[in-house]
Amino acid sequence: MNLVIRLPDDLRERLLCFPALQVLVKSLREQLEKENEELEEDQWKDLKLHLIAHKNNIEVLNLAPFSAFYHELEDEDLKSVFTVHRAVKNMKIDLVDTFITFSKSFIDASIGKSLKAKNRIGFSISKNILFLNKKVTLLKGRHHSEQYFELARPILEKMPEELSRGYSRDLEPLTGDWRENPYNIVNLKANDDGEVEGSWEEFFSLIENEKFYLVCDGLPLERQKEALTRFIKKQSKKNTYDVFELENLIEFGKLAAYAQTFISYDSGLVHLAAYCGAHIHYLQKEGLDSTGPIHFLGDIRYFNLNEPFYRENNEIALHKIFDELIGFLDKKAKDREE
């Protein structure tokens with residue numbers, strides 16, 4: 001069985017597809033195994049999964065706990081139905097049984113037609129229906145992972161009752177001594193001048209003997225190392241700091257998976273870390289009821305920065321967040337001593 005899936009381009013949305021994708025692959029393999037029991041060995045069917053995604057952040061597909069073929073799209077490929085048709089033809093994916101678009105794009109919906117897929121599945125929205133022969137109602141107001149889960153319904157003989165949590169493949173730690181020398185990750189904000197904000201300097205001055213990896217996804221990759229290095233020079237010498245450039249999200253996933261905690265404002269990195277099973281302190285400012293990382297294995301402590309408790313003089317009361325983070329790190333240090 002050749003199954004082709006078009007994944008969204010946005011990192012957060014792409015990751016939100018993973019729980020549904022994981023259930024779909026597992027269920028289809030079980031379905032095929034049952035069918036194979038009634039066939040001769042030379043007639044057995046297997047599942048060949050093809051994932052189509054924009055080349056940006058495509059490496060996160062390698063975190064999935066199943067094998068698949070990956071196909072990249074460029075910006076130029078997505079200009080029109082005609083340009084994407086040419087790109088897909090060059091992928092040389094033959095005899096497609098089912099195409100599913102997890103995207104809401106009209107251009108993406110056309111891919112199934114270009115592939116001559118027998119089943120072409122997607123959300124029943126706008127003109128997309130012109131290219132689909134199995135349409136799924138978009139469940140408005142529901143969590144996005146649950147919306148994607150509904151796209152599995154047309155091809156599964158038995159739909160699972162609920163969406164299970166998504167998790168990455170087993171990841172090797174980046175540092176071999178992570179148990180003896182635990183570390184934390186902080187995703188700092190950038191200001192309008194392209195520098196790292198200084199609002200967390202107080203936090204680093206209030207603790208000691210901690211190891212931090214500092215990231216800043218608000219800065220372009222080529223500026224991250226220089227800006228974070230300048231920031232580190234101003235911090236308390238009672239801790240140790242390292243810059244982690246966000247050049248490869250697989251490497252970041254490995255780092256996050258074995259950290260004591262990952263501290264971040266709203267970012268796709270939160271979803272990535274949660275998918276890798278990380279412990280997270282999530283400083284949530286946006287209303288993320290429908291796009292939050294709730295269907296991943298990560299252990300998340302949420303801070304709703306819109307709550308009055310975390311507001312003072314119409315600004316975020318960072319000192320209250322610092323107090324809790326310091327308490328968390330102190331407890332971890334005491335647990336290691338016992």
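Where in region 203-245 does the amide nitrogen come within less than 15 Å of the point 7 Å from the Cα of E312, taken along Cα to Cβ? In region 203-245, the label zone of E312 (backbone N under 15 Å from the point 7 Å along Cα→Cβ) covers 203. Here E33 and I129 are evaluated by their C-beta separation; at R0 = 35 Å the FRET efficiency comes out at 0.55. Note on K113: lysines with a C-alpha under 20 Å away, same-chain residues under 8 apart excluded, are K48, K79, K89, K92, K104, K127, K134, K135. Based on protein heavy atoms only, the chain ends up with 51 Å² per residue of surface accessible to a 1.4 Å probe.
Counting lysine pairs in region 136-282 that sit 8 or more residues apart in sequence, or on different chains, and whose Cα atoms lie under 16 Å apart gives 8. Between D192, D94, D77, the Gaussian network model of the chain with springs among Cα atoms under 10 angstrom shows the greatest mean-square fluctuation at D192. What the pair-distance distribution of region 1-131 shows, using all Cα-Cα distances binned every 10 Å from zero, is 12, 43, 33, 10, 1 percent. Close amide H contacts of A190 (hydrogens built in the peptide plane, cut-off under 5 Å, sequence separation of 5 or more or a different chain): E197, G218. Taking GluC sites (Glu not before Pro) across region 236-337, the ones in a DSSP loop with at most 16 further Cβ atoms lying within 10 angstrom of their Cβ are E245, E247, E286. Whole-Hz Karplus values for region 333-338 come out as 5, 5, 4, 6, 6, 7 Hz, taken residue by residue from phi with 6.51 cos²θ - 1.76 cosθ + 1.60 and θ = phi - 60°; glycine and proline positions read x. Share of carbon and sulfur in the accessible area of region 177-331 stands at 44%, probe radius 1.4 Å. Among T101, T175, the order of accessible area from largest down is T175, T101, computed with a 1.4 Å probe on protein heavy atoms. Per-residue 3J(HN,Hα) values for region 50-63, derived from phi via the Karplus relation 6.51 cos²θ - 1.76 cosθ + 1.60 with θ = phi - 60°, read 10, 10, 9, 8, 4, 5, 5, 6, 5, 4, 5, 5, 6, 7 Hz in sequence order (x marks Gly and Pro).
The GluC sites (Glu not before Pro) of region 80-169 meeting both criteria, a DSSP state outside H, G, I, E and B (loop) and at most 10 other C-beta atoms within 10 angstrom of the site's C-beta, are E157, E161, E162.
Computed over neighbours whose Cβ is under 15 Å from that of G253, the net charge equals -3, Lys and Arg +1, Asp and Glu -1.
Ranking Y148, L11, I107 by how far each Cα lies toward the positive end of the dipole of the chain (charges on Cβ) leaves I107 at the top. Of the beta bridges in region 51-201, as assigned by DSSP with both residues counted there, near 10 percent are antiparallel. Only aspartates and glutamates eight or more places from K320 in sequence, or on another chain, were considered; those with a Cα closer than 16 Å are E201, E202, E307, E312, D330. Taking the 1.4 Å solvent-accessible surface of region 1-53 as the whole, the part contributed by carbon and sulfur is 43%. Charge tally for I316 (other residues, Cβ to Cβ under 12 Å; Lys, Arg +1; Asp, Glu -1): 0.
Using a Gaussian network model of the chain in which every pair of alpha carbons under 10 angstrom is joined by a spring, one finds that among V81, V215, V186 the greatest mean-square fluctuation is at V81.
Of the trypsin sites (Lys or Arg not before Pro) found in region 232-338, those in coil by DSSP whose Cβ has at most 12 other Cβ atoms within 10 Å are K234, K237, K238.
The values are calculated or read from the model by the stated rules, or taken from the named source; none is laboratory data. Everything quoted here is computed from the prediction, not taken from an experiment. As a convention, Cβ positions derive from the backbone with ideal geometry for all residues, glycine included, and neighbour counts pool all protein chains shown. For accessibility, only protein heavy atoms count, side chains too; no ligands or nucleic acids. Shrake-Rupley method; radii C 1.70, N 1.55, O 1.52, S 1.80 Å.
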